[in-house]
Amino acid sequence: MAVTTRSRSRDAKRKGDTSSVKSQQPHGREKDVDVMEFGGSIGAAGIILFSHTILYYFWYCLEFNEGGLSDPGLASLFTAPREWKDFISDVVAKAATHCYPTLYAWKIYLTYVTLEVLLAFMMPGIWIKGYPVPSEGNQRLSYLCNALWSWYAFLLIGLSFHISGVWRVTELADNYGAVMTVAVIVGNLVSIMMYVAARIQKRENRMTGNFLYDLFMGIYLNPRIGYFDLKMWAEIRISWKLLFFLTISAAAKQYELYGTVTWPMIFMVTAHFLYTNACQKGEECIPTTWDIFYENWGWMIIFW
């Protein structure tokens, strides 16, 4: 029987089926895996680099090319490489100037995140149990799902601030380059903090021993402060609400400048509202999804 088991384990490794060769470490953590996804550490490094670069490229296109893609042309990469060098230098210079993370941008982003944390603790909701988690000794964790009421409160607070003049929603559109940089910094810092926290608390899950890859994929499955689940909280509250926040800010800015809101803008505001609203309404379905049940909370999920 032992020979058969070892044979199956070797076959599973050759086929790349890590689920067949996993064992349990102390405290229920899953053993280190042998097969790395996304091309391993090289692929992870490429995705991280691309993710940072594409954000600032799109920002440059929006700010200085009316939203159209901007580049010297693929052919010039070989015939006139100097044009590409000048283009990249221009993007970097403008991003360094206009996307610098100002103190005001930090205030906007951190106030928003703090508000979302407070609403997560204060608003009513329903308790949902997740699937039994093998790496947690088949424990079923409980989740307070109050995203919908938090969403309604967020809209009312934002609307009251804008109407009263306490804080105009157009401020986000005016500072979105700087706020984007703050979000990038926070995403990277939180990823590192989760890696360090998992190591300190001995909560490592499916580690490979490769720092960059483990940072990218994550090694902390269920980071929690009491019943407050960080991964569950960030799943739909931070990114999707901020996307709608930015869209409605752009619409308000358009009205402020031109006295009208175009149909394409109305379409985007409507689409982002409906999607964000649907995410908040369906939060009780999230505890049993793959993201919560299996995926570690690493850079890949935190940043995006």
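The values are calculated or read from the model by the stated rules, or taken from the named source; none is laboratory data. Quantities reported herein were computed from a predicted structural model and do not represent experimental measurements. Note: ideal-geometry Cβ built from the backbone for every residue, glycine included; neighbour counts use all protein chains shown. Heavy atoms of the whole protein, side chains included, go into the accessibility calculation; ligands, DNA and RNA do not. Shrake-Rupley method; radii C 1.70, N 1.55, O 1.52, S 1.80 Å.
Remarks
- The residue among Phe64, Ala44, Tyr213 whose Cα reaches farthest toward the positive pole of the charge dipole of the chain, with charges on the beta-carbon of Lys, Arg, Asp and Glu, is Tyr213.
- Heavy atoms of Thr53 accessible to a 1.4 Å probe, total area in Å² rounded to 10: 80 Å²
- Its DSSP H runs of at least 4 residues, each contributing -39,500 (n - 2.57), put the calculated 222 nm mean residue ellipticity of the chain at -20000 deg cm²/dmol, to the nearest 500.
- By accessible area, using a 1.4 Å probe on protein heavy atoms only, the chain has 66% of its surface on carbon and sulfur.
- Cross-link table Lys129/Lys281; Lys231/Lys281; Lys107/Lys231, entries beyond 20 Å C-alpha to C-alpha: Lys107/Lys231
- 13 Å beta-carbon shell around Thr97, net charge (K/R +1, D/E -1): -1
- Computed from the C-beta positions of Thr114 and Gln201 and an R0 of 25 Å, the FRET efficiency is 0.55 to the nearest 0.05.
- Accessible surface, the chain, averaged per residue in Å² (probe 1.4 Å): 56 Å²
- Per residue convex hull volume, Cα atoms of the chain, in Å³: 171 Å³
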